[in-house]
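Structure, as structure tokens:
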Amino acid sequence: MGVTKKRELLRATGVVKEFPTGRDQTLLVLRGLELTVTEGEFLIIVGPSGSGKSTLLHILGGLERPTSGEVFIEGENLFAFPDDALASFRNGSLGFIFQFHHLLPEFTALENVLMPALIRKESLSHARERGKHLLAEVGLADRLNHRPVELSGGEQQRVAVARALINEPRLVLADEPSGNLDVENGNRLHQLIMDMSRRKGTTFVIATHNPDLTTRGDRVMRLSEGKLTNVVE
């Protein structure tokens, strides 16, 4: 029997990103970048600080438009959408985990997790059940009603993971997800993300400096001089 070829989930082609730096001057960060990610892949992107990893993830997730180039997710051209349609697509199809959890301080852990589902106008009762289940999966069943200030850094980031998964996205983009954690909590978070990726079949693209996480990827790519290359171990 032949090996089943995995389906393409994301494709970026000819992505260029420039930032103005002064009169008639620009900083070229991404230089015709190409990337293909398959369904269920756990892809790690490494590169020095300032190489454009965060910019790349923002573009892949439709948070920022490229200067030129295209990004397709499940065949949908992100930047063919007007801004309001792009925001709706992003909320329904993508999950995001950032270095700083960006939890809303006035809301509980459960309420923070529910936000993307409620923005999608899902019923509160249905969203609550899934949110409680996700928080249990990340080991926070007994912390549902705690606000961020009452949670440790590792717990806050686990809430952020649950929030990223509440809309059952096919793709999660994570930017230095353990960058604000100590080594022990960072490694625990990496194992959690890996386990949830495998159980749910969710595709992850993660930018990181962390050597522990780079050993866990299906593939590691390096961003340098505006382009991606495969890292061969």
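Quick note: the coordinates plus some simple rules give every number you see, no bench work behind them. Owing to the predicted nature of the structure, the values given are computational and were not obtained by experimental measurement. A quick note on method: Cβ atoms are made from the backbone with ideal geometry, for glycine too, and the neighbour counts reach across all protein chains shown.
Quarter the surface of the alpha carbon convex hull of the chain and you get the mean projected area, 14.8 square nanometres. DSSP finds beta bridges in the chain, and of those with both partners inside it, around 55 percent are antiparallel. Mean residue ellipticity, 222 nm, helices only, the chain: the sum of -39500 (n - 2.57) across DSSP H runs of n ≥ 4, divided by residue count and rounded to 500, is -10500 deg cm²/dmol. Each Lys and Arg contributes +1 and each Asp and Glu -1, all at the Cβ; summed about the Cα centre of the chain, the dipole is approximately 360 debye.
Taking only the Cα atoms of the range 162-233, the radius of gyration and Dmax are 12.7, 35 Å. Cross-link list Lys17/Lys132; Lys200/Lys227; Lys6/Lys227; Lys121/Lys227: which exceed 32 angstrom alpha carbon to alpha carbon? Violating the 32 Å Cα-Cα cut-off are Lys17/Lys132; Lys121/Lys227. Taking 7 Å steps out from each Cα toward its Cβ at His209 and Thr229 produces label points 2.2 nm apart. Set the Cα radius of gyration of the range 105-157 against 2.2 N^0.38 Å, with N its number of residues, and you get 1.07. Kirkwood Rh over Cα pairs of the range 15-123 into Stokes-Einstein at 4 °C, 1.567 mPa s: D in µm²/s? Rounded, D is 80 µm²/s.
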